[in-house]
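Undergrad: Here it is, the structure, as structure tokens.
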Amino acid sequence: METMRVVVTGTVGAGKSTFVRTFSQTPVVDTERKATDETSLLKKKTTVAFDFGTRALGRDIELQVYGTPGQSRFDFMWDLLIRRAHAYILLVAANRSNSFNDARDILTFMNQRVQVPMIIGMTCMDLPGALGQEHILFGLGYMNDKHRPPIVAVNPNDRTSVFEALMVLMAHQIFHGDSSKLHPGTITGSNQPNSPNSRSTYQWPKRQLS
């Protein structure tokens with residue numbers, strides 16, 4: 001069985017752990033601990049290593065999803081997880097514009113290390129103060145409509161919404177990919193630009209959409 005690995009990243013409280021739990025058909029491995037710093041103002045528990053869940057797509061493919069910690073002090077786990085990923089989703093809480101800079105820092109961190117397909121998932125869209133996709137894209141450094149990644153609304157509590165986000169990620173790569181196939185976490189090299197607009201040529205198996 002072929003294994004595909006997707007990383008779900010984003011700032012604290014963006015919905016990463018919930019996304020993994022909603023997606024997984026197997027018991028989720030989590031490393032949540034009681035929040036003891038400013039994170040406790042948003043949530044009682046926070047991920048300190050990773051969340052992990054899996055789902056079989058047919059008989060031939062297992063999709064593994066890893067949720068990262070949201071705090072930058074755990075960025076060694078960001079590094080470990082993204083280097084083995086085939087693709088990733090950046091979750092952004094649309095109602096917390098003060099977190100957009102942190103989300104942009106995560107985006108830069110990931111793209112300095114690998115070039116793999118990615119999309120942006122807007123969460124908390126139903127909460128007061130939620131901003132639209134243009135505001136979020138601008139906050140992440142995408143100043144115009146050239147080379148922007150797909151951006152979708154995601155409800156991490158809703159299975160259909162989670163699966164739709166994953167399908168967008170897969171379709172995006174199939175459309176833009178070529179016959180080349182990168183190994184997970186292909187290293188960009190120190191002379192590569194740090195732009196979030198870099199594009200991978202990893203080819204998702206088309207059977208994954210069946």
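Undergrad: May I ask you to list the trypsin sites (Lys or Arg not before Pro) in segment 69-142 that are in a DSSP loop and have at most 15 other Cβ atoms within 10 Å of their Cβ?
TA: On the way: sites: 73, 83, 84, 96, 104, 113; in loops: 83, 84, 96.
Loop-located and lightly packed - 84.
Undergrad: To the nearest 0.05, how large is the calculated FRET efficiency for residue 160 and residue 56 if R₀ is 30 Å and r is the Cβ-Cβ distance?
TA: Values: r = 18 Å, r/R0 = 0.61.
The formula returns an efficiency of 0.95 here.
Undergrad: For a Förster distance of 35 Å, can you work out the FRET efficiency between the beta-carbons of residue 138 and residue 167, rounded to the nearest 0.05? Kindly include the intermediate steps, with their values, before the conclusion.
TA: Details: r = 26 Å, r/R0 = 0.74.
E(calc), rounded to 0.05, equals 0.85.
Undergrad: Give me the extension gain from residue 147 to residue 1: residue separation times 0.36 nm, minus the current Cα-Cα distance, reported in nm with one decimal.
TA: Value of the extension gain: 49.2 nm.
Taken together, the values in this text are just the output of simple stated rules run on the coordinates, not laboratory data. What you see is a predicted model, and the numbers here were worked out from it, not measured in a lab. Every residue, glycine among them, receives a Cβ derived from its backbone with ideal geometry; neighbour counts consider all protein chains shown.
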